[in-house]
Each structure stands twice: as structure tokens, then as C-alpha cells.
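Data block below; observations after.
The values are calculated or read from the model by the stated rules, or taken from the named source; none is laboratory data. Bear in mind that the values here come from a model prediction, so they are computed numbers and not experimental data. Here the Cβ positions follow ideal geometry from the backbone for every residue, glycine too, while neighbour counts run over all protein chains shown. Heavy atoms of the whole protein, side chains included, go into the accessibility calculation; ligands, DNA and RNA do not. Shrake-Rupley method; radii C 1.70, N 1.55, O 1.52, S 1.80 Å.
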Amino acid sequence: MLNPTLPQDVEFRPISESLIPVRRLGSLIGNLPFIIATALLGYFLHWAFYIGTAFFLAILMWTMWLIPRQVRNIKYAESDDEFIIRRGVMFRSLTAVPYGRIQYVDVNEGPIARHYGIASITLHTASAETAGSLDGLPAAEANRLRDLLAQRGSAELAGL
């Protein structure tokens with residue numbers, strides 16, 4: 001199906017699926033204290049706290065199902081004039097950052113992401129509306145993109 005909002009002359013590349021276990025682990029770490037706390041309150045104080053346990057377990061299960069779908073729909077492309085980030089299934093987002101607006105590029109790796117060999121890049125521009133970030137890139141690809149985007153940004157800025 002042809003989508004008029006997507007550029008037709010660029011090839012989108014997916015990010016690494018190693019982001020799935022990283023995000024799942026983050027979700028588990030975020031929900032586990034609430035699950036444990038409500039279960040203990042239910043055991044020691046009143047059974048009604050088990051409703052909270054069930055609620056947080058349901059949220060955890062839903063995010064565990066949702067995360068792979070989200071990750072598989074994050075893609076990026078390099079066109080002649082801009083770096084494009086596409087994400088979303090139901091709520092789609094397309095971010096195009098012109099090379100000439102890029103001031104600098106950050107590459108970040110947390111300890112869990114480093115274990116899985118992935119990194120994230122953040123594109124900084126003078127305007128917050130044109131900035132962008134991309135998680136789940138293989139570390140070597142993130143470093144390559146950092147160098148390439150910084151080089152293209154400098155070249156475009158010099159050409160103005």
C-alpha cells in the first residue's frame with residue numbers, strides 16, 4: 001500500500017531486535033517493585049491489595065507483548081538531504097532531521113544495552129522540533145552514523 005507521507009526514494013533499515021530484551025528488562029525492573037509491594041501488602045494486611053498485584057501483572061504482560069511490535073516498527077533511512085526516523089504502527093511518527101541543522105550527535109550505551117551490543121544516537125539541532133533520537137542500533141552502526149551525520153552536518157553548514 002502506497003503511503004504518501006513516506007519518501008519513496010529512500011530505503012528504510014530496521015534497528016536491532018536486541019532492543020526487545022533490553023526494553024523488556026526495563027519494564028520488568030519498573031513493574032517488579034509494585035508487584036512485590038502489593039503482593040506483600042495483600043499477604044500481610046488485606047486481600048484487596050491483590051487487586052493491585054493483578055493490575056501491575058496485567059500491565060507487565062501487556063508491555064511484554066507490545067514491546068516486540070514497537071521495536072520491529074522502528075526504522076531509519078539516510079536520504080540525500082536528511083536523516084529520517086520512522087516509528088509506530090497505530091500512531092505513526094516520521095521525523096526528518098535535515099543534515100544542515102545537525103549541530104552534534106551523541107552516542108549512548110547503558111550497561112544493559114552494552115551487554116546486548118546496542119547503542120542509541122541523539123541528534124541535536126538548534127531547534128527542539130527538528131531533533132531526533134534512535135535507540136537499538138548495533139554499536140558499530142551507531143558510531144558509523146555519528147561520524148557520517150556529523151560530517152554531513154558540517155558539510156551542509158559550510159555550504160550555506
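Note on the stretch 89-108: residues that are open to solvent by 50 Å² or more (accessible area, probe 1.4 Å) and farther than 17 Å from E17 by Cβ amount to 9.
Considering only residues that are open to solvent by less than 40 Å² (accessible area, probe 1.4 Å) and at pLDDT below 90, which ones fall in the stretch 109-130? Explain how you work it out, then say what you get.
To start, the set of residues in the stretch 109-130 that are open to solvent by less than 40 Å² (accessible area, probe 1.4 Å) comprises 110, 113, 117-123, 125, 127, 130.
Once the filter is applied, which keeps residues that are open to solvent by less than 40 Å² (accessible area, probe 1.4 Å) and at pLDDT below 90, the stretch 109-130 yields T125, S127, T130.
Pairs, please: C-beta under 6 Å, at least 6 apart or cross-chain, first residue of a type in the set (G, A, S) and in the stretch 42-55, second open to solvent by 90 Å² or more (accessible area, probe 1.4 Å)? From the stretch 42-55, the pairs are G42/Y50.
Could you grab me the full set of residues in the stretch 25-61 that are open to solvent by less than 50 Å² (accessible area, probe 1.4 Å) and either out of contact with any Phe, Trp or Tyr (no Cβ under 6 Å at 6 or more places or on another chain) or within 30 Å of G136 (Cβ to Cβ) (or both)? Quick ask: steps written out before the conclusion?
As a first pass, look at the stretch 25-61 and keep what is open to solvent by less than 50 Å² (accessible area, probe 1.4 Å): 26-27, 30-31, 35, 37-39, 42, 48, 52-53, 56, 60.
Hits for the stretch 25-61 are G26, S27, G30, N31, I35, A37, A39, A48, G52, T53, F56, L60.
For the stretch 81-92, does any single residue satisfy the condition of being within 30 Å of L32 (Cα to Cα), among the aromatic types (F, W, Y) and modelled with pLDDT under 95? Yes, some residue in the stretch 81-92 is within 30 Å of L32 (Cα to Cα), among the aromatic types (F, W, Y) and modelled with pLDDT under 95.
Just for the stretch 8-20: of the residues that are outside any loop (DSSP other than H, G, I, E, B) and within 10 Å of V71 (Cβ to Cβ), which one is most open to solvent (accessible area, probe 1.4 Å)? The residue in question is P14.
Residues that are farther than 19 Å from R24 by Cβ and of a type in the set (D, E, K, R): which strands (runs of 3 or more DSSP E) entirely in the stretch 54-160 hold 2 or more of them?
Values: elements: 75-78, 82-87, 93-98, 102-108, 118-125, 132-138.
Here the list reads 75-78, 82-87.
How about the stretch 135-160: which of its residues are in contact with a Leu (Cβ under 8 Å, 6 or more places away or on another chain) and either open to solvent by 30 Å² or more (accessible area, probe 1.4 Å) or of a type in the set (A, V, I, L, M) (or both)? Once the filter is applied, which keeps residues that are in contact with a Leu (Cβ under 8 Å, 6 or more places away or on another chain) and either open to solvent by 30 Å² or more (accessible area, probe 1.4 Å) or of a type in the set (A, V, I, L, M) (or both), the stretch 135-160 yields D135, L137, L145, L149. Scoring R152 on the criteria (1) in contact with a Gly (Cβ under 9 Å, 6 or more places away or on another chain); (2) touching a residue at least 12 places away in the same chain (Cβ under 8 Å); (3) within 16 Å of S16 (Cα to Cα) leaves a single failure, condition (3).
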